[in-house]
Amino acid sequence: MTAEAPAPQAELGRARTRKEDARLVTGQTNWTDNIVLPGMLHMAFARSPYAHARITSVDTSAARAMPGVIAVFSGADFPDQGSLPCAWPVTPDIVIPGHPPMATEEVRYVGEAVAVVVARDRYSAADAVSAVEVEYDPLPPVLDMRAALAEGSPKVHPAGNKSFTWEFSGGDVDAAFASAPVVIDRTFRQQRLIPSAMEPRAVVAAGAGDEYTVWSATQIPHILRLMLAMVTGTPEQSIRVIAPDVGGGFGSKLQVTAEEVISLLVTKKLGRPVKWTESRSEGNLTVHHGRDQWQHLRLAADRDGRVHALDVDLLADMGAYLMLVTPGVPLLGAFMFPGIYKLEAYRFACTGVFTTKMPTDAYRGAGRPEATFGIERMMDDLAAELGMDPLAVRERNWIRHEEFPFTTIAGLTYDSGNYEAATARARELFGYDTLRAEQQRRRESSDPVQVGIGVSTFTEMCGLAPSRVLGSLSYGAGGWESASVRMLPTGKVEVVTGSSAHGQGHETAWSQIAADKLGVPFEDVRVLHGDTQISPKGMDTYGSRSLTVGGIALNAACDKVVTKAKRIAAHMLEASENDIEFSAGRLQVRGDPEKGQTIQEIALATFAAHDLPDGMEPSLDSEATYDPDNFSFPHGTHLCAAEVDTETGRVTIRSYVAVDDVGKVVNPLIVDGQVHGGLAQGIAQALYEEAVYDDDGNLLTTTLADYLVPSAVDLPEFTTDRTETPATTNPLGVKGVGEAGTIASTPAVVNAVLDALRPLGVTDVPMPCSPENVWRAIHNAGGQGNGGAQ
């Protein structure tokens, strides 16, 4: 008797190394800046040295005369340059000022482009920028968003400094606060951050006849194509956008930039390919920034720790203009301030404010980190007020696992979760009780190095969809995603996805999904993406949506391939289609396992098309577009132990445990990488990073010597683990993971710092918790306005 062949190992859940890494780590790839085209010219921009000024004249004659210079253009040379788009008009009366790619009348932040030099090489272009003579009439800068709303403040735009106010409420907030025995009232500052992707922004544009190709280091090739067509008036079918391998984005490449628009306009005007690549200093100055909010929060609770209501009032700094999703970022947070907790009443208000600084927009987490920081800080402060353990306060208020699905006071329906399991596992790995005992000993001995324990129990809405919900929030696009599967005659598979990877590992994860669904070897799958001519439909990658939307579209496309294959197999095997079973890549007749064909054999027979069912097209290729019914809601518990030197203010993270629940896992290695990277960025906000402007509106943190991005040396070793509650809203049971680490880690670290310092009377330390900020908070303890807390 012949032994049966072992079943192939399932791909979903397998810790495969990433197939794209071989070309990346060996330099055998093509970044945008690597692209060289015949006759290509290089662009460099003259930028405003003023935060706010009128442009009285632009003289480009001297620059045009310099060696190697082909042309110099000011904004006036492009009368039809259009306005950079804002796709999220959050209220009917929102103020959306015109945003020309190059300023023509007025500049509103340092670094705003006023002219572009086009030369034979990038060095000649850079040299000639200094010869562009621009006369300015300086105007008062507007830098403090609180002062910007005061009567008599200088105006950023003629319509004033307020862009919008967006409000939401549920339950009787006033009654809840009126009867509450305990009210916690705090004001927190979310500092301004600069996304610091490894690859700078870059763009190449070229034309052939009336057709144009734009290569860009972008997260959103499909959206960029649409917006370039709308802004410049170029027919959409005449534009091809290619995102080659992209070296990170974190939201900074979720944008339609001035440089992308100008590159297309210049190549149309000159008939030559052009390239622009930013320097790191130029990037810090002009890539959109993140966060930058004042958060005033009030929480109503009983003395046993039960929370009843939350009132949130935000000021959000829009910067000088509204970029692609600028006003929508704080709205994403609006739905997440209640977090994992059962509230009876909730009120949220956000006012978007213009200042003469670089515009803000999406940065890893986009609204969710801000919300999680706010509610997790409040839960720790409530615990301190009541003398309770922070974990006990959370447990008293969180949604229990048997209560799912649960509709929150913010109107979201969480489909699944188990906060108890994640917290129990984190507590075990962390050694919570042992650390609490050590903390007590250090306090009793007045040790100058105190230990603090920070807690962050979080959930997030991710998957930025469904389309109907985005439409109800006035978002200018849908949240669907597209995928197609092409079965080649040899049985190999090409997957075409509208998701656009920039470091996430899509080529590996999508190969695993297709291999499992179709029963073909992982190595036989190739994933194509990032080129609007190859992948014509897509909504791209942001908001932890790739797997939960794009991956499910691929899953559906694979199902369609199998359905077609079953029909052809039934015909070939002379059986009823209802009797065809599909398993591990083989289609066979029920009850007769010897009578069957592999799906790869079916692919070759379909290509030959010698004997197909009547009316059957000779193709197994299939496409699917998926628009989910709900967001996905990953969650987790993060615990941080920090040592704080009370004499110097130095903070050292001693241990960090992250237990996340992201539903079913496609590839554990990729998930771990995403969590580690997210933790690094969240810890960076807590301890290191801040974009700083001086009183004249000059950015002081324009280099990595001034803007402190942590290295591996600055970060602790992370202990990570997972619990698993599958999503019930998609067939793979998956949830997003790309932003989880960033969302959870910032409050965990700051709560740890404050937990160490509370015995000294410290109630807040403004982020980043640098040695200076911690030292000042310690020495100001007992005074008014400790670190901005009230």
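Results, tabulated for the structure shown:
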| item | result |
| --- | --- |
| Accessible area of W294 in the full protein assembly, 1.4 Å probe (Å², nearest 10) | 50 Å² |
| Selection from A509, L604, A556, by position along the positive dipole direction of the range 480-626 (Cβ) | A509 |
| Gain on full stretching of the segment that runs from E772 to M198 - 0.36 nm per residue minus C-alpha separation | 203.8 nm |
| Part-to-part distance (alpha-carbon centres) for the range 141-155 and the range 678-717, which is given in Å | 26 Å |
| Net +/- balance of residues flanking R486 in space, Cβ distance below 11 Å, scoring K and R +1, D and E -1 | -1 |
| Cβ crowding within 10 Å averaged over residues, with 610-622, 749-761 ranked highest first | 749-761, 610-622 |
| Listed residues S263, V95, S48: farthest to the positive end of the dipole of the chain (Cβ charges) | S263 |
| Those trypsin sites (Lys or Arg not before Pro) in the range 628-711 that DSSP places in a loop and that have at most 12 other beta carbons within 10 Å | none |
| I220 long-range amide H proximity, modeled H, under 5 Å | Q255 |
| Relative packing of peptides 25-36, 255-266, 82-93, 102-113 - highest average C-beta neighbours within 10 Å first | 255-266, 102-113, 82-93, 25-36 |
| Estimated 222 nm signal from helices in the chain, with DSSP H stretches of n ≥ 4 weighted -39500 (n - 2.57), rounded to 500 | -8000 deg cm²/dmol |
| Accessible area per residue in Å² at 1.4 Å probe, computed on the range 480-626 | 39 Å² |
| Cβ-placed point charges (K, R +1; D, E -1), dipole of the chain about Cα centre in debye, nearest 20 | 440 debye |
| Spin-label model distance (nm) - D592 vs A15, 7 Å beyond Cα toward Cβ | 4.5 nm |
| Listed residues N397, Y136, S179: farthest to the positive end of the dipole of the chain (Cβ charges) | Y136 |
| Separation of alpha-carbon centers, the range 495-531 and the range 612-660, rounded to whole Å | 18 Å |
| Flagged links, alpha-carbon separation over 32 Å, of K155/K342; K162/K269; K253/K735; K162/K735; K19/K735 | K155/K342; K162/K269; K162/K735 |
| Straight-distance crosslink candidates among aspartates and glutamates, where the alpha carbon sits under 16 Å from K492 and sequence neighbours closer than 8 are dropped | E507, D516, E523, D524, E601, D621 |
| 3J(HN,Hα) from dihedral phi, the range 113-128, Karplus parametrisation 6.51/-1.76/1.60, rounded to Hz, x for glycine, proline | 6, 10, 7, 10, 9, 10, 9, 6, 9, 5, 6, 5, 5, 5, 4, 6 |
| Dipole magnitude of the range 480-626, debye to nearest 20 (Cβ charges: Lys/Arg +1, Asp/Glu -1, about Cα centre) | 280 debye |
| Neighbour-limited loop hits for GluC sites (Glu not before Pro), the range 618-689 (at most 11 other Cβ within 10 Å; DSSP other than H, G, I, E, B) | E647 |
| Computed FRET value (nearest 0.05) for A65 with D210, which takes r as the C-beta separation and R₀ as 30 Å | 0.40 |
| Principal axis dimensions, the range 1-129 - Cα atoms, whole angstrom, descending | 92, 50, 25 |
| Sites R120 and D695, calculated FRET efficiency, Cβ-Cβ separation with R0 45 Å, nearest 0.05 | 0.65 |
| For the range 376-445 versus the range 171-201, the gap between their alpha-carbon centres in whole angstrom | 18 Å |
| 17 Å Cα-Cα reach of K537 towards lysines, excluding residues that sit fewer than 8 places from it in its own chain | none |
| For G636, residues with placed amide H under 5 Å, excluding near neighbours | F458, D661 |
| Only Lys, Arg (+1) and Asp, Glu (-1) charged, at Cβ; the range 420-535 dipole about Cα centre in debye | 180 debye |
| Nonlocal amide H pairs with H289, under 5 Å, H built at 1.01 Å | T360, D361 |
| Whole-percent carbon and sulfur share, accessible surface of the chain, 1.4 Å | 50 percent |
| With all protein chains modelled, accessible area of R400 [1.4 Å, Å²] | 80 Å² |
| Which of E370, E438 is most accessible, then next, and so on - probe 1.4 Å | E438, E370 |
| FRET E, pair R400, R23, Förster distance 60 Å, beta-carbon r, rounded to 0.05 | 0.80 |
| Label point 7 Å beyond Cα of N34 along Cβ direction - residues of the range 246-266 with amide nitrogen under 18 Å | 246-249 |
| Residue-level accessible surface for M539, protein heavy atoms, 1.4 Å, Å² | 20 Å² |
| Full-stretch length increase - T728, L604 - with 0.36 nm per residue and alpha-carbon distance subtracted | 41.0 nm |
| Simple label model, 7 Å out from Cα along Cβ direction - A147 to E647, nm | 3.9 nm |
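The values are calculated or read from the model by the stated rules, or taken from the named source; none is laboratory data. The shown structure was predicted, so the numbers you read here are calculated from the model rather than taken from an experiment. Positions of Cβ are backbone-derived with ideal geometry, glycine not excepted, and every protein chain shown enters the neighbour counts. Protein only, heavy atoms only, side chains kept; ligands, DNA and RNA dropped before computing areas. Shrake-Rupley method; radii C 1.70, N 1.55, O 1.52, S 1.80 Å.
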